[in-house]
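Quick notes on the structure that follows.
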Amino acid sequence: MYLVLKSLHIVAVVLFLGNIITGLFWKAHADRTGDPRIIAHTFDGIIRSDRWFTIPGVVLIVGSGVATAGNAGMPILTTGWIWQSLILFGVSGLAFMLQVAPLQVRLRGLALAGTAGGQWDAQGYRRLSRRWEFWGAVATITPLAALFLMVVKPAW
């Protein structure tokens, strides 16, 4: 059972990290065009992929991780690399919920306004985009650090 749970955990991590890193790539690709239609379309895809992969990935990662630790008899609160990874994962989740997701909706709205015959507020988009990139980096680097801890399992 341990190997099944661990495999599920690893697959969930791959889907989760792959999706958030791919979202960064597609946003940068769309931004280079400067075309609000392409940018809006890209954010539609990013928001949809968060619903289909990121959020379910979080549930699977936490659920399978806790189940794997329990199955292996590893105490979560006294195994440093587990609780430290959970904290990093929590920071990622807070950055996503409080900053990244709302900014995505606002950025898509600016792009959609630019496609509806209105004035494309490229400067406002870039300003919000910089915030999205900062918080997106926080939301991406922290689970990557958790992945490192899970693989290395440091005894500090």
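Considering Thr54, Thr68, Thr140, the condition of being modelled with pLDDT under 95 and of a type in the set (Ser, Thr, Tyr) is satisfied by Thr54 alone. Criterion applied to Ala111, Ala139 was being small (Gly, Ala, Ser), buried (at least 17 other Cβ atoms within 10 Å of the Cβ) and within 16 Å of the chain's Cα centre (by Cα), and the one residue passing it is Ala139.
Scoring Thr78 on the criteria (1) touching a Leu at 6+ places or on another chain (Cβ under 6 Å); (2) modelled with pLDDT under 95; (3) surrounded by fewer than 17 Cβ atoms within 10 Å (Cβ to Cβ) leaves a single failure, condition (1). The lone criterion from (1) within 30 Å of Tyr125 (Cβ to Cβ); (2) surrounded by fewer than 19 Cβ atoms within 10 Å (Cβ to Cβ); (3) in contact (Cβ under 8 Å) with a residue 40 or more places away in the chain; (4) among the aromatic types (Phe, Trp, Tyr) left unmet by Trp52 is number (3).
For region 66-75, the candidate set comprises residues that are under 26 Å from the mean Cα position of the chain (by Cα) and without any contact (Cβ under 8 Å) to a residue 60 or more places away in the chain; within that set, the residue that is surrounded by the most Cβ atoms within 10 Å (Cβ to Cβ) is Ala69.
I need the helices (runs of 4 or more DSSP H) fully contained in region 1-120, keeping only those with at least 3 residues that are over 20 Å from Thr142 (Cα atoms). Spell out how you get there, then give the answer.
Values: elements: 2-33, 36-49, 55-72, 80-95, 101-115.
The qualifying helices (runs of 4 or more DSSP H) are 2-33, 36-49, 55-72, 101-115.
Output yes when any residue across region 147-156 is in contact (Cβ under 8 Å) with a residue 12 or more places away in the chain, exposed (fewer than 14 other Cβ atoms within 10 Å of the Cβ), at positive phi and not hydroxyl-bearing (Ser, Thr, Tyr), and no when none is.
yes
Number of residues in region 98-143 that are in contact with a helix residue (DSSP H, G or I) (Cβ under 7 Å, 6 or more places away or on another chain), within 30 Å of Ile76 (Cα to Cα) and not small (Gly, Ala, Ser) equals 7.
The values are calculated or read from the model by the stated rules, or taken from the named source; none is laboratory data. Note that the coordinates shown come from a computational prediction; the quantities given were computed from them, not determined experimentally. Backbone-built Cβ (ideal geometry, glycine too); neighbour counts: all protein chains shown.
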